[in-house]
1. With Cβ to Cβ distances under 15 Å as the rule, what net charge do the other residues near N66 carry (K, R +1; D, E -1)?
2. Measure off 7 Å from each Cα along the Cα-to-Cβ vector at K322 and E86, then give the distance between these two points in nanometres to one decimal.
3. Please state, as a whole number in µm²/s, the translational diffusion coefficient that the Stokes-Einstein equation yields for region 102-228 at 4 °C and 1.567 mPa s, with Rh defined as the Kirkwood radius across alpha carbon pairs.
4. With +1 assigned to the C-beta of every Lys and Arg and -1 to the C-beta of every Asp and Glu, and no other charges, what is the dipole magnitude of region 223-300 about the Cα centre in debye, to the nearest 20?
5. If we sort 221-231, 130-140 on the protection proxy, mean other Cβ atoms within 10 Å, highest first, what's the order?
6. Kirkwood hydrodynamic radius for the chain: how many Å is it when counted over pairs of different Cα atoms?
7. When only Cα pairs under 8 Å and 6 or more residues apart are kept, what is the percent relative contact order across region 132-326?
8. Quick one: of K229/K322; K233/K257; K51/K135, which pairs are farther than 22 Å apart, Cα to Cα?
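Derivation of every value follows stated rules applied to the coordinates shown; laboratory data play no part. As the structure is a prediction and not an experimental result, all values here were calculated from the model. Don't worry about glycine lacking a Cβ; one is built from the backbone with ideal geometry, like all the others, and counts go over all protein chains shown.
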Amino acid sequence: MRRTIFGLLCLCFPLFLTAQSKTRALVLLKKYNPDGYQILNTYLNAPTKFKIGLMETSSSKTDFGNYIMGADETSILASLGTVVHEINHGYTSLLALNEKASKKLTKLSDKRASFFFINANQQILVPHTTTFPSKLIASNVKLGFRNFRYDEYITSTNTILGTQQSGAYGLMDEWNAYFQDTKTNYELYEYFVAETKRTPADWARYLGQVNGVFYAHAEFKYFILKYLKYAQKNQPSIYQAIIKNAAFKASFQAIDKGYTDLIEQYFERRTAILNNLTDQGLRVSMDDKFTFIGTKGHGNFMREYNELLGAIKDVEFAGVLKDLQE
């Protein structure tokens, strides 16, 4: 009997820790990133069965606890960006069904759609048009930009990935997920001010969390532009359908502006943090690859970010960018 009780305790203890971790994650998001909390809370409370016109459909939900990598505070904090990122994908698809059903949008009943959360005041329903898999643009991506996200989202042979199933719409879904991910890590600044000792190690941890994701803004903008340029040249009917999709263009503009503004704010905050550490007598330095606080350094991905921004400004994309703004 003792062995049986012990075995049951061993099984229940991880579940208890997961429940505690999930509760703490929700508390932290509600306090420090209301947008991330809204994504998560709306998703958790959304229905999973819908009637759209004559069609009945259902969807499942993902347990966000799967993305929390530990029960301690540091692990939970480091997981919040991933939690919001991954649940944002679920929100984008599940709330699209909810939006179509609640507004009785029968004209969209036979089409895939995305419901992009930009911020608490702006969400956009985007019906999908015909696409091709993102892997078709693989050889067009410059060699210097073929990193792990290129491998995961562009060249992947996994056909269920949104970037392969839904092409440009899937790329935009990833772009927005990284935007919400970056926003979450950025907004945790107030946590580091209020709930840590604000040591150099604390600030290195904060900067490292944002630095790991912010430059995805330029990556996915570049991927989307490459996708559209390829479509324009090789599949013009697909290009025209996407460019004529007003909701797609509105989402592109909103994500781009929101993400760009967020990064500018982060750079200002990063400068202020590093200046404050310098004023405390610490040796601080930053180049286009690394940021050092004392003797400890971490990658800041500035070289990659600036090179991607340069590529986006290339004349190659001038026509596509003009079409996206009209």
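1. Working: positive: K22, K61; negative: D63, E86.
That works out to 0.
2. 4.4
3. On the way: Rh = 16.6 Å.
Estimated via Stokes-Einstein, D reaches 78 µm²/s.
4. Values: 11 positive and 7 negative charges, 89 e Å.
Here the size comes out at about 420 debye.
5. Values: 221-231: 23.5, 130-140: 17.3.
My ranking of the peptides, most packed first, is 221-231, 130-140.
6. Values: mean 1/r = 0.0467 Å⁻¹.
It is 21.4 Å.
7. Relative contact order here is 22 percent.
8. On the way: K229/K322 12 Å; K233/K257 27 Å; K51/K135 34 Å.
Over 22 Å Cα-Cα: K233/K257; K51/K135.
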